[in-house]
Structure formats: C-alpha cells, structure tokens
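Everything below concerns the one structure shown next.
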Amino acid sequence: MEVVIATIVELENKAMRVESNISLLPYNTFGVDVLCSEFYQYSSVEELEKLFQEGLFASKWLSVGGGSNLLFLQDFHGAILHSSIKEIEVTQEREQDVEVRVGAGVVWDDFVAWSVEHDLGGVENLSYIPGCVGASPVQNIGAYGVEAKDVISEVEVFDTQTGSVSTFAGSACSFAYRHSLFKTNPYYIVTYVTFRLTKSPHHKFSLSYGNLLSVIEGNGVEPSLRSIREVVVNVRKSKLPEPSVLGSAGSFFKNPLISIAQFKDVKERYPNVPFFEVGEEKIKIPAGWLIEQCGWKGKRVGNVGVYDKQALVLVNYGGATGSEIESLANDICSSVHQEFGLKIEPEVCFIR
Ligand code: EPU
C-alpha cells in the first residue's frame, strides 16, 4: 500500500481533510480492504459548494457515511466524500413534540442515545443500528416495527448536479421498505435530517414487533424509552455481529414481498413459514428463514460465511474480498430460487 499523505486544505476558513490513496477499511463495516484515489472529509455545506465549483462532481465520486451498507468490489478509482457535519439542534418546540435537526455525520446510535437521554421518543426502537444519520433516509432504516420515515419530517440535500441545496418534506421522499428517492437519485448528498420526536409523556411506544413487549415485561420493568433501548440493544447484540469483531453489513438481503399465490405455494410445503401481511395483497417472508431452510446458516466458504445466529447476515472472517462476498451472495440467491422459486435481492449496495 502507498504511503498516506494527509493534507489540510483551507476552504473559506474551514478545514477539510483531504487524503490520497487511502484504505477504505475504516469506512466499511464489512472490513473489505480496498483503496480510494481521493478522500474528502467535509464539515459544512459550504465545503461541498466549493468542491462543486472545483468540478469534483464531474468525475467519479461516492458519499460514504458509516459504510454499513456498502460492499466494495474493487479499489474505488474516484473521490470518497465523508460527512463530518455533527450538530444536533432542537429547531422547534411544541406542546407535545420537537423538531430536531441533525447533521448527516452524526453517528446514528449517538443520536438515538441523545434522544433517549432528553426524554424524546420516536427512535428508541432503532437503537444500535450502525452507520450515520445521513444514511437513515436513504435506506429508510428500520427495525422492531419502526422505520426512519415514521419520524423524519425533512431531509436537506446538496444537489451535486446543480450545486444547490434543497429541502424535501418527509412526505415527498418516496419512502418505502428500505427505499427512498435518494436511493434512485444518487446525485443528492444528504446534509441534515430533521426528526419529529415526541416529548415523553405524550409518546406512544411501539411494542408490537415479535416478543419485544414480553421481553420488557420479563425483565420486570415498565416500557420506557430507556427500557426499550436497552432491550433492543441486547437483542441486536445477541443476533447480529459487532462490526469491530466480525465484518458484516447487517442484513445483506431484503425480505421479499410476495403474492398470496406464491405464499400459498410456500406454505403448502412449509406449514410453519413465518410471515407478515403487508396490505391485503402482499406477504413479507423473512429472507433469513428462506436462507436457513436452504442449509446456509452458519456455513463458511473460505474467508466468508453466513452468520450462525441470523442467516440474513453475511460475514467476513478476515481478509475477504468484495468478490468473495458477492459470489457467496449469488450462490445463496440461486439456492433460494431453486428451493422456493423466489427472488431475494441484496439490501447492500455493490460499489465498483
Ligand atoms: N428467521 C429465521 N432464521 C434466521 C433469521 C430469521 O428463521 O436465521 C426468521 C424467524 O422466524 C424470525 C423472523 O425470521 O422470527 C424475523 O427475524 P428478525 O426479527 O431477526 O428480523 P428480520 O426480518 O430477519 C429485519 C431487518 C433487520 C431488523 C430486524 C428487526 C430487513 C432486511 N432486516 O430482519 O434489520 O433488525 O428485522 O426488526 O428488513 C438491517 O437492516 O441491517 C437489519 C439488521
């Protein structure tokens, strides 16, 4: 690997970190060791504007937050942009709720911890999700019955095509399961996200997912922001690998949405298939269950494998390349298709 030369570039009196030919190992939770040509860590919209004026966005670039949903397949011959916009600010306070504007570079779980500490409800079920706030609207992150879309009131973006700033109301973001307009229009860089959080006595807890309520009651405590956060953190720790110990990107695949006819076909052969109804015409089946039925859970192939506690998660045992992980993912998709006639799609973004 080439020697890293770090320089500090002064742009409009703000310091932006710029480096060349650095490893992206610290910037992807899968732990894939690839290089990028240029790395820019910015801390303001003005710095993005300056980069726009310099023509940076005319060449290959990618905005990376915590890198918890990316799979680098090779060295990245372009510029990686990493947000260091870190503010958390209450911008409006009403009787029952508040608007909190959060910089894209804030670590997601730091924001959740901040909300719980300030008795503000809405994101406690989303505790311990890796990554940064800027990725939350892009993926519409979700867990334990709550999705980011339920609490996002506004998303501010920098448009790299025009160099201008826009604000989207939450209702205009085309949010769906692990989807938003930012996913299909990757020329937007999320700079700030505003969340509507409920003041504690007015907040309605979301406890209907799985055995969340019974676990809290089993602990002998009342549901509260703190107890929900604690249970969710513990459940996630027990089911999902710590990226610092074992590389992964959380769920590798999305849970497939299938038709009633397809579901009947699966149920005939597997009467105990777990499922969630989505509207009147669609059924969601856990991809982890499908993969487990195909015998993949806990299997290791060279440097990569399927996590033994949650088959939806692919892991890097150390030294894996993106292509090894991609190849395992392809084999899993083929197995699921062969056994169930169903197509499962990656949630993770493949970067070439
Ligand atoms: N299941 C199995 N075997 C497995 C895994 C799951 O049979 O190896 C079955 C079980 O029946 C279980 C059901 O699947 O009851 C659901 O499992 P789980 O509660 O773990 O949820 P999931 O559908 O597998 C989704 C999200 C997770 C999120 C959990 C909890 C997606 C792609 N994943 O997983 O999100 O934490 O629900 O809400 O929707 C992530 O996006 O990175 C992520 C971890």
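A few points about this structure:
- From least to most packed, judged by other beta carbons within 10 angstrom and beginning with the fewest, ASP97, ASP331 follow the order ASP331, ASP97.
- Kyte-Doolittle mean at least 1.6 and Cα axial length at least 15 Å: DSSP H helices in the chain: none
- Here the calculated FRET efficiency for GLU93 and TRP114, from their Cβ-Cβ distance with R0 = 22 Å, stands at 0.90, rounded to the nearest 0.05.
- Projected over all directions and averaged, the alpha-carbon convex hull of segment 110-203 occupies 6.0 nm².
- Think of each Lys and Arg Cβ as +1 and each Asp and Glu Cβ as -1; about the Cα centre, that makes the dipole of segment 211-262 roughly 180 debye.
- Derived scalar couplings between HN and Hα for segment 164-171 equal 10, 10, 10, 10, 10, 5, x, 5 Hz in order, rounded to whole Hz, by the Karplus curve 6.51 cos²θ - 1.76 cosθ + 1.60 (θ = phi - 60°), x for Gly and Pro.
- Long-range HN-HN contacts of PHE253 with modeled amide H, under 5 Å: GLU347
- Translational diffusion of the chain, µm² s⁻¹ [Kirkwood Rh, Cα pairs; Stokes-Einstein; 37 °C; 0.692 mPa s]: 153 µm²/s
- Here the peptides 183-195, 298-310 are ranked by packing, the mean other Cβ count within 10 Å, and the order with the highest first is 183-195, 298-310.
- Over 31 Å between alpha carbons, listed pairs LYS183/LYS297; LYS264/LYS309; LYS60/LYS309: LYS60/LYS309
- Under 5 Å, built H, 5+ apart or other chain: amide partners of VAL278: ILE283, LYS284
- Charge sum, other residues only, whose C-beta stays under 9 Å from SER37's C-beta, Lys/Arg counted +1 and Asp/Glu -1: -1
- Semi-axes of the equivalent ellipsoid of segment 55-162 are 28, 16, 11 Å, computed as sqrt(5λ) over the eigenvalues of the C-alpha gyration tensor in descending order.
- Ignoring aspartates and glutamates fewer than eight residues from LYS199 along the same chain, the ones with Cα atoms less than 18 angstrom from its Cα are GLU89, GLU93, GLU95, ASP97, GLU99, GLU117, ASP119, GLU124, ASP150, GLU222.
- Expressed as a fraction of 2.2 N^0.38 Å, the C-alpha radius of gyration for segment 53-95 is 1.75.
- Magnitude of the charge dipole for segment 115-274, about its Cα centre and with charges confined to Cβ atoms of Lys, Arg (+1) and Asp, Glu (-1), is about 440 debye.
- For the listed peptides 215-225, 27-37, a ranking on the average number of other beta carbons within 10 Å per residue, highest first, reads 27-37, 215-225.
- With semi-axes defined as the square roots of five times the eigenvalues of the C-alpha gyration tensor, the equivalent ellipsoid of segment 161-283 measures 30, 26, 18 Å, largest first.
Any read-out appearing in this document is the output of simple, stated calculations on the displayed coordinates, not a laboratory observation. Quick caveat, the model's predicted, so the values are computed rather than measured. Methodologically, a virtual Cβ is constructed for each residue, glycine included, from the backbone with ideal geometry; neighbour enumeration extends over all protein chains shown.
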